[in-house]
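Have a look at the structure below before the remarks.
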Amino acid sequence: MGAEAPDGVMELNTRLESKMVLKNFQTDALRELCTEDQLDLLNSIDTLRSQGISHYITLPQFIACGDQSSGKSSVTEAISGVSFPVRSNLCTRFPTELVLRKYPQSGVRVSIVPHQTRSDIEQRSLGDFYEELDDFEGLPIWIEKAKGVVGITMYGKAVSNDLLRVEVSGPDHPHLTIVDLPGLVHSETKQQSATDVHLVQDIVQSYMKEPRSVILAVVSAKNDFANQVILKLARDADPSGKRTLGVITKLDTLVPGSESETMVVSLAKNQNVEFRFGWYVLKNMDMEKGQWTLEHRELEE
């Protein structure tokens, strides 16, 4: 498109095109991404991130942001190959950082990185939350435990700005950090108060304004893109568009030949809302069809 993409954007482009899944990381594209020099650099960055340095120094990362139920978690799954135990009626309640690491031993680690506004006592208490898992089977339990620890309850607050960190390591894994942010809500509901609505927007904007964050602006084809505030926020945070990628989800919900389909096709062609690095389309998991796998999603797409 006439502009040289940042390294992070180029890496993500390759990743989206390589269509990887968790069980098979040995692809030519991923081998090219995992040079020794790059791994040394990314490991150093990740070490700094795990120590909470990102509160003071911005570190490179991808962030998936959009309206609630726009399909952000599906974007995270499609890029990383890691399937999260997310039910169709359950949205992200706190920033969830997924870290893939190349490491001799395989494993999954779950921890909480407290927000800097927490008191010293809260910092220590939340920092003690840590668990090592052999696989993903126990992940739903620990996500629920993390929600309770940070104070998210049915009758309490609905959103937290503390960070849930899920590290997935293995000898064949590429190195990638992607953050799935809480979905933007336009008005308060029974489940989310006006305070929660403002907190979510504050969380999303705080991540988007970081100059080393690559923004994945996720737009659902089910809703008029003009009404999805993520596009305005992305423009505000990245006026030149040098670190934003557009992603359209739920395309299979469009009626063939409809006006909505025509508008979305125009959007995908970078004609309506123009991003320097264009738009991508993605096939979401269809939970109504029963048990899905990432491999099935790839074939459907």
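Quick notes on this structure:
- Pairwise label distance in nanometres, His186 with Asp172, each label 7 Å out on the Cα-Cβ vector: 4.5
- Probe 1.4 Å, protein heavy atoms only - accessible area per residue of region 220-301 in square angstrom: 55
- Listed residue pairs exceeding 24 Å between alpha carbons, taken from Lys102/Lys242; Lys72/Lys222; Lys157/Lys283; Lys222/Lys283: Lys102/Lys242; Lys157/Lys283
- Virtual spin-label span in nm between Glu131 and Tyr103, 7 Å along Cα→Cβ: 1.7
- Segment Asp236-Ile121, extension gain: residue separation times 0.36 nm, minus the distance between their alpha carbons: 37.8 nm
The values are calculated or read from the model by the stated rules, or taken from the named source; none is laboratory data. A quick note: this is a predicted structure, and the numbers were derived from the prediction, not measured. All Cβ positions, even for glycine, are placed from backbone atoms using ideal geometry, and neighbour counts span all protein chains on display. Each accessible area value is taken on the protein alone, full model and side chains, heavy atoms only, with ligands, DNA and RNA left out. Shrake-Rupley method; radii C 1.70, N 1.55, O 1.52, S 1.80 Å.
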